[in-house]
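Peer 1: So that we are looking at the same thing, I have put the structure below in structure tokens.
Laboratory data are not the source of any read-out in this text; all were calculated from the coordinates shown. This structure is a prediction, so every number in the text was calculated from the model and none was measured. Note: ideal-geometry Cβ built from the backbone for every residue, glycine included; neighbour counts use all protein chains shown.
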Amino acid sequence: MTEEQANQFAEHWINSWNSHDLDAIMEHYSNEVEFHSPMITLLKVNDQGLITNKDDLKSYFRIGLNAFPDLHFRLHNVFTGVNTVVLYYTSVNGRKVTEVFEMDDEGKARRVLCNYSASQSNY
């Protein structure tokens, strides 16, 4: 993945979330997706913190958008790797987040690992 591709992905991903456009959000994910996040358990979607299909992922995102109607992400940095992109941003309630996106051959996220700061912070 090039730096330009990573930045385009990040910009579109952030804008999709900030516009609360669920269909646009879902465009970023592969049909064969594995999504890990502590928010899955926090929002009581399941106890594993893991979603393994796109339909369940869409339902989870819908729950999140409804739970946080004022949701707005602020992107801080984009990191590029081999078939990976990492986004560092501020999420709901001021929590800092990194998401590692492993991309498929079509530039869609096939595996995602979400990591949240323990609490709000100023850094």
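Peer 1: Which length gain, in nm to one decimal place, applies between His72 and Leu22 when the Cα-Cα distance is subtracted from 0.36 nm times their residue separation?
Peer 2: Details: separation 50, 0.36 × 50 = 18.00 nm, distance 1.38 nm.
Computed gain between His72 and Leu22 is 16.6 nm.
Peer 1: Give me the net charge for the shell around Lys58: Cβ to Cβ below 13 angstrom, other residues only, Lys and Arg +1, Asp and Glu -1.
Peer 2: Working: positive: Lys54, Arg62; negative: Asp21, Asp23, Glu27, Asp55, Asp56.
Taking every other residue near Lys58 into account, the sum is -3.
Peer 1: May I ask you to evaluate 6.51 cos²θ - 1.76 cosθ + 1.60, the Karplus curve with θ = phi - 60°, for each residue of region 71-86 and list the ³J(HN,Hα) values in order in whole Hz, giving x for glycine and proline?
Peer 2: Taking θ as phi minus 60°, the curve returns 3, 8, 9, 10, 6, 9, 7, 10, 10, 10, x, 7, 6, 9, 9, 10 Hz for region 71-86.
Peer 1: Sum -39500 (n - 2.57) across every DSSP H segment of at least 4 residues in the chain, then divide by the residue count to get the 222 nm mean residue ellipticity, nearest 500. Before the final figure, lay out the partial values.
Peer 2: Values: 4 runs with 40 residues, N = 123.
One gets -9500 deg cm²/dmol as the mean residue ellipticity at 222 nm.
Peer 1: Which of (1) 67, 37, 19; (2) 34, 34, 25; (3) 36, 35, 21 is the computed Cα extents along the principal axes in Å for the structure on display?
Peer 2: The value matching this structure is (2).
Peer 1: Return the loop-located GluC sites (Glu not before Pro) in region 47-123 (DSSP other than H, G, I, E, B) with at most 12 other Cβ atoms within 10 Å of their own Cβ; answer none if there are none.
Peer 2: Values: sites: Glu99, Glu102, Glu106; in loops: Glu106.
Qualifying residues, ordered by number: Glu106.
Peer 1: Tell me which residues come under 5 Å, amide H to amide H, from Thr84 once H is placed; ignore anything under 5 positions away on its chain.
Peer 2: Hits under the 5 Å cutoff: Met103.
Peer 1: For region 15-27, just list the computed ³J(HN,Hα) in residue order, Karplus coefficients 6.51, -1.76 and 1.60, θ = phi - 60°, integers in Hz, with x standing in for Gly and Pro.
Peer 2: 5, 4, 5, 5, 8, 6, 8, 4, 5, 5, 4, 5, 4
Peer 1: Filter the trypsin sites (Lys or Arg not before Pro) in region 26-123 to those in DSSP coil with at most 14 other Cβ atoms within 10 Å of their Cβ, and list the result.
Peer 2: Working: sites: Lys44, Lys54, Lys58, Arg62, Arg74, Arg95, Lys96, Lys108, Arg110, Arg111; in loops: Lys44, Arg95, Lys108.
In loop regions of region 26-123 (DSSP not H, G, I, E or B), the sparsely surrounded trypsin sites (Lys or Arg not before Pro) are Lys44.
Peer 1: On to the next question. Give me the net charge for the shell around His12: Cβ to Cβ below 11 angstrom, other residues only, Lys and Arg +1, Asp and Glu -1.
Peer 2: Numbers: positive: none; negative: Glu11, Asp21, Glu27.
Here the charged neighbours net out to -3.
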